[in-house]
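**Q** Could you have a look at this structure, given as structure tokens, before my questions?
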Ligand SMILES: [Zn+2]
């Protein structure tokens, strides 16, 4: 069990060597939660992954205090739909209703497995992307109604040859969507994903860890607007 950076109340003292968005939020007294692939458990909860028990996780002293995790076992060409997006969105809604987390991460593999199975330029992939949009279009209004701001991005794209491990633009350039009350940078601004952690922390009223790249949403970004004209 890990107690980060001297425990709760010591959030501002964390540096990049020992900090992540969950640990900084936790140390500041915030409630954190995740609906995510099992590696988020391995990365952010300093406990052994113990299937089947780790699938559901509650621990007030862990960086992620409330979690529902899924594995990638059994998903592939004969079962290309990883936990359906609508079911993952339902888990998020339940988590929000039951635990009212200040920061809640949804990590989905709903596009990745069809991408590896059919390729990024395929009927199967496009249909799955439509399914994801459909699920989120029904649940984002629910989360907004509950008071949440929602950011959506991806860790990679997918090329037509069914993989994403390279330098192609289709692999590396991903969109960023924001549903919330803040005024963000212009829609065509090139953003760095490294600014997402600080932006999310800003929006829940927590100072980013020392050394975290600057926020592009929230009060800090507004204050630094005059000196930060590019986000790259
Ligand atoms: Zn992949």
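The values are calculated or read from the model by the stated rules, or taken from the named source; none is laboratory data. Quantities reported herein were computed from a predicted structural model and do not represent experimental measurements. Neighbour counts run over all protein chains shown; Cβ positions are idealised from the backbone, glycine included.
**Q** What do you reckon, is residue 104 in a strand (DSSP E or B) and either in contact with a helix residue (DSSP H, G or I) (Cβ under 6 Å, 6 or more places away or on another chain) or away from the ligand (no atom under 13 Å from the Cβ) (or both)?
**A** Criteria met by residue 104.
**Q** Another question about this same structure. Say we look at the range 194-211 and pick out the residues that are assigned to a helix (DSSP H, G or I) and touching a residue at least 60 places away in the same chain (Cβ under 8 Å); which of these is nearest to residue 27 (Cα to Cα)?
**A** Here the answer is 201.
**Q** Mind listing whichever residues of the range 160-173 are within 13 Å of the ligand (Cβ to nearest atom), part of a loop (DSSP other than H, G, I, E, B) and either free of Cβ contacts under 8 Å to residues at least 24 places away in the same chain or surrounded by 14 or more Cβ atoms within 10 Å (Cβ to Cβ) (or both)?
**A** 162, 163, 164, 165, 166
**Q** Moving to a separate point now. Considering the range 109-133 alone, what residues qualify as being touching a residue at least 24 places away in the same chain (Cβ under 8 Å) and over 15 Å from residue 80 (Cα atoms)?
**A** Across the range 109-133, the qualifying residue is only 121.
**Q** Quick test of your reading of the structure: residue 209 fulfils all but one of (1) under 22 Å from residue 96 (Cα atoms); (2) in contact with a strand residue (DSSP E or B) (Cβ under 9 Å, 6 or more places away or on another chain). Name the failing condition by number.
**A** Failing condition for residue 209: (1).
**Q** Would you be able to tell me the number of residues in the range 134-146 that are under 16 Å from residue 83 (Cα atoms) and either in a loop (DSSP other than H, G, I, E, B) or within 16 Å of the ligand (Cβ to nearest atom) (or both)?
**A** Residues meeting the conditions: 0.
**Q** I would also like to ask the following. Consider the range 147-159. How many of its residues are surrounded by 13 or more Cβ atoms within 10 Å (Cβ to Cβ) and away from the ligand (no atom under 12 Å from the Cβ)?
**A** 5
**Q** Any residue in the range 32-54 that is over 21 Å from residue 110 (Cβ atoms) sitting within a Cβ distance under 6 Å of a residue that is part of a strand (DSSP E or B) and modelled with pLDDT of 95 or more? List the pairs, counting only those 6 or more apart or interchain.
**A** 32/103
**Q** Let me ask you something else. Give me the residue from the range 109-119 that is more than 11 Å from the ligand (Cβ to nearest atom) and in a loop (DSSP other than H, G, I, E, B) and, out of that set, farthest from residue 160 (Cα to Cα).
**A** Among them, the one singled out is 110.
**Q** Is one or more of the residues making up the range 81-101 away from the ligand (no atom under 16 Å from the Cβ), part of a loop (DSSP other than H, G, I, E, B) and at pLDDT 95 or above?
**A** For the range 81-101, residues away from the ligand (no atom under 16 Å from the Cβ), part of a loop (DSSP other than H, G, I, E, B) and at pLDDT 95 or above: present.
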